[in-house]
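What follows is a short report on a single structure.
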Amino acid sequence: MCGIVGYTGPREAGPILMEGLSRLEYRGYDSAGIALVDEEGQMFVEKKAGKLANLSTAIAERTPHSAMGIAHTRWATHGRPNDLNAHPHADCSGKITVIHNGIIENFRELRDGLEARGHRLESETDTEALAHLVEEAYAGDLADAVRAALRRVEGAYAIAVMHRDEHGRLVGARKDVPLIVGLNGEESFIASDVAAILAHTNRVIFLEEGDIADVRPSGVEITNVAGVPQDRAETVIDWSPEVAEKGGFEHFMLKEIHEQPNALRQALAGRVTRDHRIHVPEIEAMIPTLGTITRIELVACGTASYAAQVGASALEAWTGLPARVTVGSEFRYSPPPLDAGTLVIAVTQSGETADTIAPTRLARERGCPIIAVTNTVGSAITREAGAVLFLQAGPEIAVAASKTFVTQVTTLVVLAAAIARIRGSMTEAAEIELAHALRDLPDAAQRALELNAPHASDLARRYVNSRGFMFVGRGATYPAALEGALKLKEISYVHAEGYPAGELKHGPISLLDAECPLVAIATRSSTYDKLISNVMEGRARDARVIAVATEGDLQIERFADDVAWVPATHEAVSSVLAIIPLQLFAYHMAIARGTDVDQPRNLAKSVTVE
Ligand code: M6R
């Protein structure tokens with residue numbers, strides 16, 4: 001997501017902040033900005049869309065002398081990536097500036113209220129509302145004002161705030177998004193990542209949920225949002241700059257696997273309400289059309305096509321309309337019948353996949369209503385669609401998709417429920433049951449990580465010499481089998497296939513023996529017993545069995561050599577949890593085999609050619 005860096009101390013803040021931003025470039029961004037308070041106490045703000053070099057050029061020769069400032073790299077979630085939407089955002093007086101990473105869920109009602117009370121908001125962002133809330137609450141003490149403002153905010157945030165008249169003072173706060181404070185004698189820092197400040201200090205405080213940090217050159221005081229002091233220990237970091245970039249993980253892929261609970265929180269922000277209803281404002285303008293469609297076609301490639309399979313099942317089950325997935329390269333040259341009654345949903349994390357864009361364009365030309373599901377604001381697919389749902393997962397650097405798979409699945413399930421509710425084909429009780437499961441999903445993903453991360457390396461070592469793997473699932477768990485097999489082959493170069501478990505006996509069972517294990521996605525589902533029968537067929541051929549099973553399943557250990565446990569959840573999103581141990585397994589298989597995890601051979605993150 002976005003990058004944050006702040007400085008207060010005796011040195012020139014401008015160069016320190018720009019160097020900090022350059023350390024955050026690896027996160028990907030679409031714009032950058034800086035705010036400095038100059039020697040006369042005036043606020044200097046510059047923001048530029050595009051690469052950091054654009055900002056550097058804009059401030060060259062005119063960066064004021066300053067001992068405090070905040071700077072930001074943005075990765076758009078609300079509002080286009082342009083100069084105006086770039087951070088920092090200021091209040092009406094221009095005395096207060098704010099930078100933010102995360103999503104303010106109630107920003108629409110906050111903005112409406114602020115505008116009704118006479119505030120002028122200039123950007124399309126959720127963040128700008130924060131600057132004006134702090135302005136309203138300000139009575140001479142910035143930390144007090146930030147605490148008061150945050151009491152009105154729902155959502156996830158890491159923020160840094162500065163007031164022109166409060167010399168040397170920065171205020172930071174976090175909820176569900178990481179933020180750290182760096183200490184170095186007479187100077188202090190705020191940052192989203194250790195990487196941004198490691199060149200200056202390795203003494204760091206990792207803020208905890210709900211912390212407000214009142215940062216001065218000489219140190220920091222931490223309270224909660226009610227102003228109660230919080231005691232936080234200082235950590236001395238011994239990471240290399242390369243490790244710091246990856247948040248302390250050895251590879252981006254492992255970092256991104258561990259970011260999944262937070263990515264899910266962001267993906268669900270604003271889409272599941274407090275009263276457990278599904279809310280997708282992005283499709284409101286399409287409501288009349290969605291009421292009259294007769295078929296749904298999903299188009300996607302690779303991992304996105306497996307996520308789309310989950311979406312298609314949910315759409316069919318809840319709307320009663322036929323829904324199917326066609327991979328982009330097939331759709332383009334053998335298109336299904338397309339007309340104004342065919343809703344086309346294009347799923348692509350990058351938004352730039354040529355094989356997905358071309359068929360979407362074809363469908364648009366034939367009059368189909370189009371919805372795009374993507375992680376990338378401003379990407380090509382967004383120009384083809386009548387409505388766009390962003391994954392809000394943050395940038396994914398590793399070539400192998402992980403957090404974009406789980407957020408694609410989740411966003412598509414949310415979309416399916418929203419369309420079904422529009423059409424009156426999903427009961428309120430079913431919607432509320434799903435919403436409960438979705439609200440619990442980020443914590444369940446965290447638990448799946450905690451259950452599996454400590455053992456994944458040992459598990460991989462036990463299977464590292466296998467000739468190949470057969471991944472099987474049934475119904476809701478079949479897409480996770482396909483994705484699990486793709487993850488393994490992409491990064492470890494071991495042959496793996498994903499099959500519906502019932503198909504084993506129609507051919508692929510001939511591959512099974514002691515050298516070709518079976519990976520069975522055996523989480524609790526309506527087809528659990530059938531799947532166990534298929535597992536038994538494999539065991540009868542000497543295949544070792546790794547089962548992904550639901551916590552509390554008392555019988556699975558009788559059928560499996562190894563069990564990867566995941567928490568129970570709604571069947572529609574079971575693949576979100578089931579894939580987590582399989583991602584970890586693929587990762588550790590690649591490590592054990594010595595392959596390049598983040599940049600596997602022959603692959604690119606974004607496939608922009610046919
Ligand atoms: O950017 P997209 O979601 O459109 O990419 C589609 C596929 O190229 C992508 O999912 C690919 O399969 C990844 N390497 C999966 O890890």
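The values are calculated or read from the model by the stated rules, or taken from the named source; none is laboratory data. Keep in mind that this is a model prediction, so the values were computed, not measured. Note that each Cβ is placed from the backbone with ideal geometry, even for glycine, and that neighbours are counted across all protein chains shown. With ligands, DNA and RNA removed, areas are computed over all heavy atoms of the protein, side chains included. Shrake-Rupley method; radii C 1.70, N 1.55, O 1.52, S 1.80 Å.
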Helix 574-593 vs. the chain, principal-axis angle (Cα, 0 to 90°, nearest 10): 90 degrees
HN-Hα J couplings of region 51-58 from phi, Karplus 6.51/-1.76/1.60, θ = phi - 60°, integer Hz, Gly and Pro as x? 5, 4, 4, 5, 5, 4, 5, 5
Percent relative contact order for the chain, counting Cα pairs under 8 Å at least six residues apart, stands at 11 percent
Could you tell me the relative contact order of region 256-445? Use alpha-carbon pairs under 8 Å, at least six residues apart, and round to a whole percent. 31 percent
Taking amide H atoms as placed 1.01 Å from N in the peptide plane, list the residues 5 or more away in sequence, or in a different chain, whose amide H sits under 5 Å from that of residue 564. 547, 548, 549
Is region 450-593 best put as rounded, prolate or oblate by its Cα gyration tensor, with a ≥ b ≥ c the root eigenvalues, rounded for a/c under 1.5, and otherwise prolate when a/b is larger than b/c, oblate when not? rounded
What shape does region 3-246 take by its C-alpha gyration tensor, where a ≥ b ≥ c are the square roots of the eigenvalues and a/c under 1.5 counts as rounded, a/b above b/c as prolate, and the rest as oblate? rounded
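Which whole-number percent of Cα pairs in the chain have a distance greater than 48 Å?
Every Cα pair in the chain considered, those over 48 Å come to 14 percent.
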Taking region 112-200 and dividing mean pair separation by its residue count, relative contact order in percent (alpha carbons under 8 Å, at least six apart): 15 percent
Roughly how far apart, in whole Å, are the Cα centres of region 445-468 and region 1-71? 42 Å
Using only Cα atoms, locate the centre of region 318-397 and the centre of region 151-229, then give the distance between them in Å, rounded to an integer. 41 Å
Any idea what the dipole of region 3-246 comes to, in debye rounded to 20, about its Cα centre with Lys/Arg Cβ at +1 and Asp/Glu Cβ at -1? 340 debye
Phi-based couplings in Hz for region 60-75 (Karplus 6.51, -1.76, 1.60; Gly and Pro marked x): 4, 6, 9, 6, x, 5, 7, 9, 7, x, 10, 8, 8, 10, 9, 10
Euclidean distance of C-alpha centroids, region 478-515 and region 267-305, integer Å: 31 Å
Between the helical axis of 428-452 and the dominant principal axis of the chain, each derived from Cα atoms, what acute angle in degrees is found, rounded to the nearest 10? 80 degrees
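Accessible area per residue, 1.4 Å probe, Å², for the chain: what's the number?
The answer is 37 Å² per residue.
Kindly provide the GluC sites (Glu not before Pro) of region 1-107 that DSSP labels as loop, not H, G, I, E or B, and whose Cβ sees at most 16 other Cβ atoms within 10 Å.
Numbers: sites: 12, 19, 25, 39, 40, 46, 61, 105; in loops: 12, 39, 40, 61, 105.
Passing sites in region 1-107 are 12, 39, 40, 61.
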How long are the three semi-axes of the equivalent ellipsoid for region 414-523, computed from the Cα gyration tensor as the root of 5 times each eigenvalue, in whole Å, largest first? 33, 19, 11
